[in-house]
Amino acid sequence: MKLLVLAGTGEARRLCQGLACLDVTASLAGVTRVPCDLGVPTRFGGFGGVDGLRTYLRTAAITHLIDATHPFAARITANAAQACAAEEVAHLILQRPGWQAQPGDQWHWVADLAEVPGLIPTAATVFLATGRQSLADLSGLAPQRVLARIIDQQSAAFPFEGGSYIFGTPPFTVEEEVAFFRTERIDWVVVKNAGGAASYSKLAAARHVGLPVAIQCRPALPAGVNVVETVESAQAWAGA
């Protein structure tokens, strides 16, 4: 077996550490400037679409691939499914469960972030926790007061009127998020249904404060691919 792990999540890091005894290579897209050490040989950067990934799978003699990317990394997930099918590479998706609404939550589900401006009153102060790459889809919020949290320092100007960046690295406690919402007088929270414990605190805080949340549904997964929800299940599939 020669295994490629498409990484970029906490689950991927734990998976790679558990598979370090195998012939495994991890791949990171390079979005984060200072990525965590995965404990296995790691390549950085994209593959160049389906054809580029197919070429890599052949050249590196990959026999198995685990896609442990972010639940909203739809393009690489689709590319991996196509490339693995074409090259007859065994393929597994590791994707953590999505969040489920709890009593007291005021969640408004959207299929696309472009729907969000139509939900939120024009006088609202909006907290975005959807990532810098999603901001173009939310430009309809201008000129509302918008605060977007990102991990890496950003020198470029905010892409639309009324917005500004705030910087921070999760996890944040519920108490920290509650204090932030109150200090900044946040009226609405916008998130993607990423799942996981590390970033759930903002949803618990929104419930505590009584804030409405616009939450984007996950993209559909490719048909016909095995999917597991835990690192342990992925390790078992790899024979570790």
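The values are calculated or read from the model by the stated rules, or taken from the named source; none is laboratory data. A quick note: this is a predicted structure, and the numbers were derived from the prediction, not measured. Every residue, glycine as well, gets a Cβ built from its backbone with ideal geometry; the counts of neighbours run over all protein chains shown.
Looking across the stretch 94-109, the residues that are over 20 Å from ALA234 (Cα atoms) and hydrophobic (A, V, I, L, M, F, W, C) come down to TRP99, ALA101, TRP107, TRP109. Residue count for the stretch 138-154, restricted to those that are assigned to a helix (DSSP H, G or I) and more than 21 Å from the chain's Cα centre (by Cα): 2.
Residue check: is ASP152 at pLDDT 90 or above and among the acidic types (Asp, Glu)? No: the conditions fail for ASP152.
The sole residue among LEU57, LEU94, LEU53 that is under 21 Å from the mean Cα position of the chain (by Cα) and more than 30 Å from ALA206 (Cα to Cα) is LEU53.
Note on the stretch 1-90: enclosed helices (runs of 4 or more DSSP H) holding 2 or more residues that are under 21 Å from ASP152 (Cβ atoms) and not charged (D, E, K, R) are 10-18. Just give me the residues in the stretch 215-240 being part of a strand (DSSP E or B) and closer than 28 Å to GLU88 by Cβ, in sequence order. Residues satisfying the conditions are ASN226, VAL227, VAL228.
Of all the numbered requirements in (1) closer than 30 Å to LEU4 by Cα; (2) crowded, with 20+ Cβ neighbours inside 10 Å, ILE120 misses one, and that requirement is (1). Does the stretch 119-132 contain at least one residue that is in contact with a strand residue (DSSP E or B) (Cβ under 7 Å, 6 or more places away or on another chain), more than 24 Å from LEU221 (Cβ to Cβ), modelled with pLDDT of 95 or more and among the hydroxyl-bearing types (Ser, Thr, Tyr)? Yes, the stretch 119-132 contains a residue that is in contact with a strand residue (DSSP E or B) (Cβ under 7 Å, 6 or more places away or on another chain), more than 24 Å from LEU221 (Cβ to Cβ), modelled with pLDDT of 95 or more and among the hydroxyl-bearing types (Ser, Thr, Tyr). Identify the residue in the stretch 132-160 that is of a type in the set (S, T, N, Q) and surrounded by 13 or more Cβ atoms within 10 Å (Cβ to Cβ) and, among all such residues, is farthest from PRO117 (Cα to Cα). Residue satisfying both the conditions and the ranking: SER134.
Yes/no per residue for (1) in a helix (DSSP H, G or I); (2) touching a residue at least 24 places away in the same chain (Cβ under 8 Å); (3) among the hydrophobic types (A, V, I, L, M, F, W, C):
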| site | (1), (2), (3) |
| --- | --- |
| ALA136 | yes, no, yes |
| ILE166 | no, no, yes |
| PRO171 | no, yes, no |
| ARG182 | yes, yes, no |
| ARG185 | no, yes, no |
| LYS202 | yes, yes, no |
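Checking every residue in the stretch 204-214 against the condition of being in the same structural domain as LEU141 (by TED's automatic domain parsing), buried (at least 17 other Cβ atoms within 10 Å of the Cβ), assigned to a loop (DSSP other than H, G, I, E, B) and among the aliphatic types (A, V, I, L, M) gives at least one match.
The residues of the stretch 94-132 that are among the aliphatic types (A, V, I, L, M) and assigned to a loop (DSSP other than H, G, I, E, B), listed by number, are ALA101, ALA111, LEU119, ILE120, ALA123, ALA124.
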